[in-house]
Structures are given as structure tokens and as C-alpha cells.
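Please treat every number below as a calculation from the coordinates, not as lab data. Because the structure is a prediction, the values reported are computed rather than measured. Cβ coordinates were reconstructed from backbone atoms using ideal geometry, including for glycine residues, and neighbour counts include every protein chain displayed.
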Amino acid sequence: MLGLKRSFVLVLATISLFASQFILASERLVVYSGRSDQFVLPVIDAFTKKTGIEVQLHNAKSTALLNKLILEGERTQADLFLSNDSGNLQVGADKGLFLPLPEELVADIPEQYRAPDNSWVGLSSRMRVLVINTGAENVADIDSVFDLADPALKGRLAITHSANGSFIAGTTVYMLAAGEEKTRDWLKGMKANVDGKVFNKHSKVVKAVAAGKADVGLVNHYYIYRHLAKSPDAAIKIVLPDQGKDGIGVAENVAGIAISQYSKKLDAAKAFVAFLVSEQGQKIFAEINREYPVRPGVAAAAEVPPAGSFKVADVPMYKLGTERNRTLDMIEAVGMP
């Protein structure tokens, strides 16, 4: 009789386990995504294949989606917010839009890549680097972002418009690492050098430099490698700026994710985050996007400089949000295009 009872309990436990797995697999997560599909679909496909949980992306600019979350409040359909910029993530965290992630879920990700209260976690890292035309004259000594303010580069510089999220984030890093005065002078110098002619995409900056329409540009690192993958003989090279003893290091930013405080699918949402920060998820980001994994021990793509082989500015990623307004005020005061 006792054995029969144990068997009955075991059957109930097995049924409960399969039922919970079925419930999770039958759910569809809604993700407000500020990243292009090409950056996230490969990892989403792998997650769905592994868990059976479907993921629906609502794509737009990260800032627009953050504003949408604020306006929707508890009426939002979003379960998660995926941003290409840690600044937007921290702004959302400061407004109480996200649920703190369990410590055990994000413990493998260094603290510099997550919110102080774990309300968001970084997924992949990118660096602000210089792309230089190898046939250009008088560019051999350019080794700092602050060199881009040199009047000698007037008409020879390519940058994105100042509303670009990476431009804002990079400027915040420079402001915190090098000081407000130096960063303001840098902005003024670049403004004079581009004379109102800016680009709406990093890929166009790289193309302009490769075509000789500009001698030097400021971009996220992976755009250079993506261009070289299609045109391996392109006349461009990458320069990791501000290295050496007195250099502040390369400006870094991370894409990251947070769970909406109004999500009703918390178990599935946590499973999604867990997969994104797992070794499998991190390897996909590295191989597909040529971005740097934030999980220690996962190697970056073979063609990019290995993590740890260059100096990175010592600025925690959450500060890209807490200092964002000060950066925007500076950019507006200078009148950057």
C-alpha cells in the first residue's frame, strides 16, 4: 500500500513537471526591441528551439520604445525591453519600469554590465573606434577620439548625427573619463570639421571612409568588420583610440534587457534572460554580431581584437543613463548637428 502511494505521488509530480513545461512552451513573449532583427533573431530562434517558447518582437528605436513603455504603464503588452543602449535601460530603471532580476540569474555577468539593483543586465558590448582610410595623408598620428577636433581634419571627418544613441553614449563616457571642458571643446571642434554634414547610420560612415569621401570616422567597431567581410580589400583600417598610459581607453556601451514590471509571464521572461546570458546565447552574439560577450570566458569573434588586449574607459554602464541629461544638455548647448 505504501509503495502504491509513493508511485501515485511520483506520477503526480511527473504530470506537474510536464504541465509546467507545456504552459511555458505555450506562452508567447512580447519584446519591445530597439535592436535590428539581424542582431537578435538568431539568438531568439535558438531559444525557441530549445524551450518551445515563442518570442514576438516589436521593433523601433530604443528611446521611442522606452517612451511607449512609460505612456502605456500597466496597460503595456511588453514582457521585456531589449535596448541597444544601456543609457535607455538605466533611464527606464530609474522610472521604475522594470523588475529586479534574481541575483542567481545574472551573477555570472560582471557588475559593470548591469544596473546597481539588477533591474537590467547587459548582453553584448561594443566599442567606439576610429575607421581610417589607408590611402589618406596625414592620418598616421591620429590615435585619440579627441584628435577628431583638430582643424586639420576640416572636411575630412565622418560622424553620425548627435541624436544617435551611440554618439550620446560615447560622449557621456568621454565626459566622465576626460572631463566636461575637454569633451565640450571636442564637440565644438568636430562641429566645425563636419560643417553640418553628418550621417544617419554608422554603416554610411564606414562606406564614406572606404570610398575616400572622408579620411577618418567614428563608429562602433562591428560596422568596420561587417564592411570588410563584404569587401575584404577595402582601403580602411581600425584604430583603437586612447590607449597607452595617459589614454582614457575606448568608450564602451552594451545592449541589454529588462523584464517589464507588468509582465504576467515572469517564468518565461526569466527563462529568456537566462538563455541570453548563458554561454550558448553569448556565443551567438559573438559569432553573428561580432560584438563582445559580457559573460567572462566566452570568446569574441576571431576577427575582432580579443577582449583584454586593449584599454577600455573605466565607466560603469549604468552611468550612461544617470548622466544622460547632462550629456544631452552639452550636445544641445554646442549645437551639434
Q: Determine ³J(HN,Hα), in whole Hz, for all residues of segment 267-281 in sequence, where each value follows from phi through the Karplus function 6.51 cos²θ - 1.76 cosθ + 1.60 and θ = phi - 60°; x replaces Gly and Pro.
A: 5, 5, 5, 5, 4, 5, 4, 4, 5, 5, 9, 6, 4, 5, x
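Test of understanding: ordering Glu323, Glu291, Glu181, Glu111 by Cβ neighbours within 10 Å, fewest first, what list do you get? Let's see the in-between values first.
Numbers: Glu323 18, Glu291 24, Glu181 9, Glu111 13.
Least to most surrounded, the residues fall as Glu181, Glu111, Glu323, Glu291.
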Q.
With angles folded into 0 to 90 degrees, how steeply does helix 62-72 sit against the dominant principal axis of the chain? Use alpha carbons for both and round to 10.
A. 50
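Per DSSP H run of n ≥ 4, the term is -39500 (n - 2.57); total these for the chain, divide by its residue number, and report the mean residue ellipticity at 222 nm rounded to 500 deg cm²/dmol.
On the way: 13 runs with 149 residues, N = 337.
Computed mean residue ellipticity for the chain: -13500 deg cm²/dmol.
Give the relative contact order (percent, whole number) for the chain; include only Cα pairs under 8 Å separated by 6+ residues.
The normalised contact order for the chain reaches 27 percent.
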**Q.** Phi to ³J(HN,Hα) by Karplus 6.51 cos²θ - 1.76 cosθ + 1.60 over segment 299-312, Hz, x for Gly, Pro
**A.** 6, 6, 4, 4, 7, 8, x, x, 4, x, 8, 9, 7, 10
Q. Past the 24 Å Cα-Cα mark, which pairs from Lys182/Lys207; Lys61/Lys230; Lys154/Lys207?
A. Lys182/Lys207; Lys61/Lys230
**Q.** Angle between the chain longest axis and helix 221-230 axis [Cα atoms, degrees, rounded to 10]
**A.** 90
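When a footprinting reagent is the concern and you count Cβ atoms within 10 Å, what order do Val294, Val129, Val239 take, fewest first?
In increasing order of surrounding Cβ atoms, one gets Val239, Val129, Val294.
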Q: For segment 206-254, just say rounded, prolate or oblate: build the C-alpha gyration tensor, square-root its eigenvalues into a ≥ b ≥ c, call rounded for a/c under 1.5, and beyond that prolate if a/b exceeds b/c, oblate if not.
A: prolate
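Give me the net charge for the shell around Gly52: Cβ to Cβ below 14 angstrom, other residues only, Lys and Arg +1, Asp and Glu -1. Walk me through the intermediate numbers first.
Values: positive: Arg28, Lys49, Lys50, Lys265; negative: Glu27, Asp45, Glu54, Asp267.
In short, 0.
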Q.
What number do you get for segment 241-337 when its Cα radius of gyration is normalised by 2.2 N^0.38 Å, N = residues?
A. 1.38
Q: For the chain, go through all pairs of different Cα atoms, get the mean of 1/r, take its inverse, and jot down that Kirkwood value in Å.
A: 21.2
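If Lys and Arg each add +1 and Asp and Glu each add -1, what is the summed charge of the other residues whose beta carbon sits under 12 Å from the beta carbon of Ala300?
Values: positive: Arg126, Lys283, Arg290, Arg295; negative: Glu287, Glu291, Glu303.
Summing Lys/Arg as +1 and Asp/Glu as -1 gives +1.
Quick check: net charge around Gly247, other residues with Cβ under 12 Å of its Cβ, Lys/Arg +1 and Asp/Glu -1? Kindly include the intermediate steps, with their values, before the conclusion.
Values: positive: Lys245, Lys311; negative: Asp143, Asp147, Asp242, Asp246, Asp314.
With Lys, Arg at +1 and Asp, Glu at -1, the neighbours total -3.
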Q. Mind checking the angle between helix 324-334 and the chain's longest principal axis? C-alpha axes, 0 to 90 degrees, to the nearest 10.
A. 20
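Restricting attention to segment 295-331, which trypsin sites (Lys or Arg not before Pro) occupy a DSSP loop and are surrounded by at most 16 other Cβ atoms within 10 Å? If you can, show how the numbers build up before the last one.
Numbers: sites: Lys311, Lys319, Arg324, Arg326; in loops: Lys311.
Here the trypsin sites (Lys or Arg not before Pro) that fit, given the DSSP loop and packing criteria, are Lys311.
Which of rounded, prolate or oblate describes segment 61-168 when judged by the alpha-carbon gyration tensor and an a/c cut-off of 1.5?
Values: a/c = 3.76, a/b = 2.10, b/c = 1.79.
Prolate, since a/c reaches 1.5 and a/b exceeds b/c.
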Q | Pairs from Lys49/Lys319; Lys188/Lys319; Lys50/Lys311 whose Cα-Cα separation, in the structure shown, is over 26 Å | A | Lys49/Lys319; Lys50/Lys311
